Amino acid sequence: MSIQQIAFLIVLIVTASLASKLYGRVIRNIRLGKDIEPLREQDEGRRWLNVFLVALGQKKMFKRIIPALLHAAIYVAFLFTQIELIEIIADGLTGKHRVFAPFLGNLYPVIISAIELLSLAAFAATLAFIWRRNVAKVARFQQSEMRGWPSWDANIILFGEILLIIGIFTMNMADSVLQIIDPSHYVQTGTFLISGHLGPALMGSWDPDLLGVMERFGWWLHFLVVCGFLLYLPISKHLHILFAFPNTWFASVSPKGQMKNMPEVMVEVKSMLGLTEDTGSMSEDIPEFGAQDVQDLTWKNIMDAYTCTECGRCTSVCPAHITGKKLSPRKIMMDVRDRATEIGKNLDSGNLTFRNEEARKNNHPLTSQNYADDRSLFDYITREELHACTSCNACVEACPVLINPLDIILQMRRYEILTESAGPTDWLPMFNSLENNGAVWAMSADRDAWTATDSQ
Amino acid sequence: MEVPRYSERVAKGESPEILFWVGCAGSYDPRAQRVTVAFVKILNSLDIDYAILGKEEQCTGDPARRAGNEFVFQMLALQNIETLNTYGVKKIVTTCPHCFNVIKNEYPALGGEYEVLHHTQLLQSLIQEERLSLEAGTDKIVYHDSCFLGRANGEFAAPRDVLNQLTTDMVEMGRNREKGLCCGAGGAQMFKEDEPGDKRINVERTEEAIATNASAIAVNCPFCLTMLSDGLKAKDKQEEIMVYDLSELIVNNMQL
C-alpha cells in the first residue's frame, strides 16, 4: 500500500465518520417535529412524479428561464461528474490510475469529454451566479434575512465549485501531456475534448516531474473539495442538493387550498354541539393547540426548513412582502431551521438545565422529549409577520423544491388564537359574529333578505 | 325575486339537483348581493333545478380557520354539514371561491362529502352544453385570478373560457394564473387593518390592472370585487374602469 493510498483511506474514513455525525444531527433536528399523517398508497404515483419532475427535472426552476439555465448547467455537470468522482475513489483505494479507462475503451474519452464540456458550462454559470449575487445584486438576495452568514454561505459554495472545476481541468490537462511523454506510466485514454488540446498547448513544455505534481494536485484538490462539500452541506443552505428528493416525495399532493384538519379540536366541538354523547373522555389538562415551537410542527415542516436554499422566490412573489410588510416566507423557513438547530446544539451540549421540570425532578437525562428552554419559535418569528399573510399560496407555488411556508404560518396562527387567545383585536368582532350570527359581519337582517330585492 | 328554498322543496318531497351556496358576502354585502342576484337570474332563465338554504346557511368558517380559530371554524362547519347531510345534498355551486375551497377540500374531513362547483365552472359547462349562448362583444376586459379558485384549486381555464365568450378582447395582467397576485383579502385580511407597510396589496394589484388599459376587470370572488373596487377608488379610476363578477357580465350580455 502506498503512502498516497493510506492518506486517501484516512481522508475517506475521517470524512465518512464526521459526515455520519453531522447528518445524524440534522436528522435528529428534523425528528424534533411531530409525525406526519400516513401517506396514502393511491398518491404514490403523484409523489414519484414530483420527485422526477420537480427534484430531478427541476420543473419549477423553469418559471424563470435565466437562473434556470444557469442552475441547470451546474446541476447537470454535478450529476455527470459523479462518474469521475467514482473513478477517483476507485483509483484512490486501489492505487491505480484511471481504472475505468480499460473497461470503457473508446467510450472513456467520450465520457470525460462530456464531463469537461459540462464543467466548462458550469464554470461560466458559477461566474454568472457570483456576478448576480455580488455585482448585479439581484433583488431577491438583498433582503434583511440575507445579511451576514446566508450571503457568505452562498459565496462559499460558489467558490468551492470553482475549485472543483479547477481541480478537474488541472488533472486532465497535466494527464493529457503525461500520456504523450510518459506512455509507460500513464494509461492511454484517447484525447479529451478540452484538456486534450489545452493541456499540450499550455503545459506541453513543462518538466515531467512538475506535470506529475500538477496531475496529483488536481486529483487531490477535486477529491478534498468534494469531501469538504459533503461536510459543509449539513450547516449550509446547499443541503437542498440531497434533501430536494425526499422533500418533493413527502410534499403534499392535496389541493393547495386545503388546510389540515384538527381532530383534537373536533372532539370538543362535537360534544359542545351535542353531536356526540360521550363527554367523559375529555382530558383534564388544558390542551395546547397549534405550533409554538418546532416540536409542535411536523417533521416535514422542519425538513422543509433544512431543504430551503434561500433562493427567495417565495419572498419575491409574496403580496405582503411586495407591499412592504414585514413578512418574508423565506425568513419563516430560515427561522424554523435556525430554531431547530439551536435546540439541536443545546441537546448536544448535554447541559442539564435544558430539561423540563418533570425530568429535573426525576433526574432523567436530557433528551429531545424532555427538552425545554425559555425560548420558542415566537422569539424568531414576530406576530406582525404572521398577521401579514393573506394565505394566497404564492410562496408555496413558487418554491422549486415544494416547501410550504404557509402551513407553518397557519399553525402558528392557531397557537396564537387557540392557546394564547391572542391575535389581532380586529378579528374579535368577526369571531363574535361568526359564533353568534353565523356570518362574518354582525347583521340584523336575515341571511336571505337579498331575495326581497327585486331586480337590482 | 323567485328563489327556491331547499327546505320547501324537500317538504314537497323533491330533491333539487343543485344547492346554490350564497355565502356571507353574497348574502349581506350590497355589492356582492348584485352578483348573487345576477347568478340567480341566470339559473332561473336556464331553468336550472336549484335551491338555496336561506336562513339555514351559515358562514363556511373559512375566515375563522385561516385566522387560526379552529373552534369557530369547526362549530360552523359541523352545523353546516349537519344541515347539508340532513337534506341529502349531493351537488353544490357557489359564487365564492373561499366557500368553494372549504366545502370542497375541507368539509370531507369533517364528514361532508359533496360535488362542489364554483359558479364559473357551472357556467363553463352550460356554455359547453350549449344551454347558455352568449354574443362576444369587443370591450377590453382584464381577468383577475382569485387565489382560492386559481392557485389553491388549479382552476384557471373555466373563468377564462366564460370570459372569452363575452368578449373578443380579453387581456391578462403580467402576473396571471399560477403567478396571479392576491387582491389582499385572503387569510382573513378582509376583516382586519393591514400590517404596517408601504402600500396596500389591492392598490398594487389595481395598478397592474389599470396598466392593461382595459375598460373592465372581471373577477370570480366577492372579496376580490371589494378589494379591486376600493383599489380603483384609491387611484380615482372608479368612473373609468368597472369591476364585475363574470355572472354580472353574462346578465348584461343576455339582457336579463
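Residues checked against (1) over 22 Å from residue B:72 (Cα atoms); (2) facing chain B (nearest Cβ under 7 Å):
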| position | (1), (2) |
| --- | --- |
| A:389 | no, yes |
| A:402 | yes, no |
| A:431 | no, yes |
| A:451 | yes, yes |
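Taking the range B:1-36 as the range and being more than 10 Å from chain A (Cβ to nearest Cβ), part of a helix (DSSP H, G or I) and surrounded by 21 or more Cβ atoms within 10 Å (Cβ to Cβ) as the test, the residues that pass are B:6, B:35.
In the range B:190-201, the residue that is nearest to residue B:63 (Cα to Cα) out of those that are facing another protein chain (nearest Cβ under 7 Å) and in contact (Cβ under 8 Å) with a residue 12 or more places away in the chain is B:191. Of the residues B:156, B:148, only one is within 14 Å of chain A (Cβ to nearest Cβ), at pLDDT 95 or above, surrounded by fewer than 24 Cβ atoms within 10 Å (Cβ to Cβ) and under 21 Å from residue B:93 (Cα atoms); which? Just one listed residue meets the conditions, B:156. Against the list (1) at pLDDT below 95; (2) in contact with a Ser or Thr (Cβ under 7 Å, 6 or more places away or on another chain), the condition residue B:232 fails is (1). All of (1) under 24 Å from the mean Cα position of the chain (by Cα); (2) surrounded by 17 or more Cβ atoms within 10 Å (Cβ to Cβ); (3) within 14 Å of chain B (Cβ to nearest Cβ) hold for residue A:262 with one exception: (1). Each residue in the range B:46-60 was checked for being under 27 Å from residue A:258 (Cβ atoms) and either of a type in the set (Val, Ile, Thr) or more than 7 Å from chain A (Cβ to nearest Cβ) (or both), and 5 of them qualify.
Inspect all residues belonging to the range B:96-103 and state whether any of them is of a type outside the set (A, V, I, L, M, F, W, C) and surrounded by fewer than 23 Cβ atoms within 10 Å (Cβ to Cβ).
No, the range B:96-103 contains no residue that is of a type outside the set (A, V, I, L, M, F, W, C) and surrounded by fewer than 23 Cβ atoms within 10 Å (Cβ to Cβ).
Residue count for the range B:5-61 under the criterion of being in contact with a Ser or Thr (Cβ under 8 Å, 6 or more places away or on another chain) and on the phi > 0 side of the Ramachandran plot: the result is 2. In the set B:109, B:136, which member is within 14 Å of chain A (Cβ to nearest Cβ), more than 18 Å from residue B:26 (Cβ to Cβ), surrounded by fewer than 19 Cβ atoms within 10 Å (Cβ to Cβ) and aliphatic (A, V, I, L, M)? From the options B:109, B:136, the qualifying one is B:109. Is one or more of the residues making up the range B:183-197 buried (at least 24 other Cβ atoms within 10 Å of the Cβ) and farther than 30 Å from residue A:385 by Cα? Checked the range B:183-197: no residue is buried (at least 24 other Cβ atoms within 10 Å of the Cβ) and farther than 30 Å from residue A:385 by Cα. Scanning the range A:190-208 for residues that are within 16 Å of residue A:168 (Cβ to Cβ), aliphatic (A, V, I, L, M) and part of a helix (DSSP H, G or I) turns up A:198, A:202, A:203. Selection within the range A:80-115: residues that are more than 28 Å from the chain's Cα centre (by Cα) and of a type in the set (Phe, Trp, Tyr). The member of this set that is nearest to residue A:15 (Cα to Cα) is A:100. A residue that is buried (at least 21 other Cβ atoms within 10 Å of the Cβ) and outside any helix (DSSP H, G or I) occurs nowhere in the range A:209-216.
Which one is nearest to residue B:205 (Cα to Cα) among residues in the range B:114-133 that are under 15 Å from the mean Cα position of the chain (by Cα) and surrounded by fewer than 24 Cβ atoms within 10 Å (Cβ to Cβ)? By that ranking, first place goes to B:121.
Taken together, the criteria exclude residue A:84 from residues that are assigned to a helix (DSSP H, G or I) and at pLDDT 95 or above. Exactly one residue out of B:190, B:173 is modelled with pLDDT of 95 or more and under 16 Å from residue A:320 (Cα atoms), and it is B:190.
Within the range A:301-363, considering only helices (runs of 4 or more DSSP H) that don't extend past its boundaries, which have at least 2 residues that are within 14 Å of chain B (Cβ to nearest Cβ) and touching an Asp or Glu at 6+ places or on another chain (Cβ under 8 Å)?
In the range A:301-363, the matching helices (runs of 4 or more DSSP H) lie at A:319-322.
Of all residue pairs spaced 6 or more apart or on separate chains, those with beta-carbon atoms under 8 Å, a first member in the range B:172-185 that is more than 7 Å from every other protein chain (Cβ to nearest Cβ) and within 9 Å of residue B:145 (Cβ to Cβ) and a second member that is among the basic types (Lys, Arg) and in a loop (DSSP other than H, G, I, E, B) are B:180/B:151.
Within the range A:370-381, identify whether any single residue is within 30 Å of residue B:249 (Cα to Cα) and either loosely packed, with under 15 Cβ neighbours inside 10 Å or at the interface with chain B (Cβ under 7 Å from one of its Cβ atoms) (or both), and answer yes or no. Scanning the range A:370-381 turns up no residue that is within 30 Å of residue B:249 (Cα to Cα) and either loosely packed, with under 15 Cβ neighbours inside 10 Å or at the interface with chain B (Cβ under 7 Å from one of its Cβ atoms) (or both). Look at (1) assigned to a helix (DSSP H, G or I); (2) of a type in the set (Asp, Glu); (3) under 26 Å from residue A:23 (Cβ atoms) and you find that residue A:385 fails only one, number (3).
Inspection of the range A:362-369 finds a residue satisfying the criterion of being modelled with pLDDT under 95, surrounded by 15 or more Cβ atoms within 10 Å (Cβ to Cβ) and over 25 Å from residue A:239 (Cβ atoms).
Is there a residue being in contact (Cβ under 8 Å) with a residue 60 or more places away in the chain and in contact with a Ser or Thr (Cβ under 9 Å, 6 or more places away or on another chain) anywhere in the range B:63-82?
Restricting attention to the range B:63-82, the residues satisfying the condition of being in contact (Cβ under 8 Å) with a residue 60 or more places away in the chain are B:63-64, B:66-67.
Adding the requirement that they be in contact with a Ser or Thr (Cβ under 9 Å, 6 or more places away or on another chain) leaves B:66.
Taking every residue of the range B:63-82 in turn, at least one turns out to be in contact (Cβ under 8 Å) with a residue 60 or more places away in the chain and in contact with a Ser or Thr (Cβ under 9 Å, 6 or more places away or on another chain).
Hey, any hits in the range A:424-442 for a residue that's out of contact with any Phe, Trp or Tyr (no Cβ under 6 Å at 6 or more places or on another chain) and touching a residue at least 24 places away in the same chain (Cβ under 8 Å)? Yes.
I'd like to check something: does the range A:239-255 contain any residue that is at pLDDT below 90 and within 14 Å of chain B (Cβ to nearest Cβ)? Looking for residues that are at pLDDT below 90 and within 14 Å of chain B (Cβ to nearest Cβ), one finds none in the range A:239-255, hence no.
Among the residues of this structure, residue B:216 does not count as one that is surrounded by 24 or more Cβ atoms within 10 Å (Cβ to Cβ), more than 14 Å from residue B:149 (Cα to Cα) and among the small types (Gly, Ala, Ser).
The values are calculated or read from the model by the stated rules, or taken from the named source; none is laboratory data. Predicted model, so just to flag it, every value in this text is computed and none were measured. Glycine also receives a Cβ, built like all others from the backbone with ideal geometry; neighbour counts cover every protein chain displayed.
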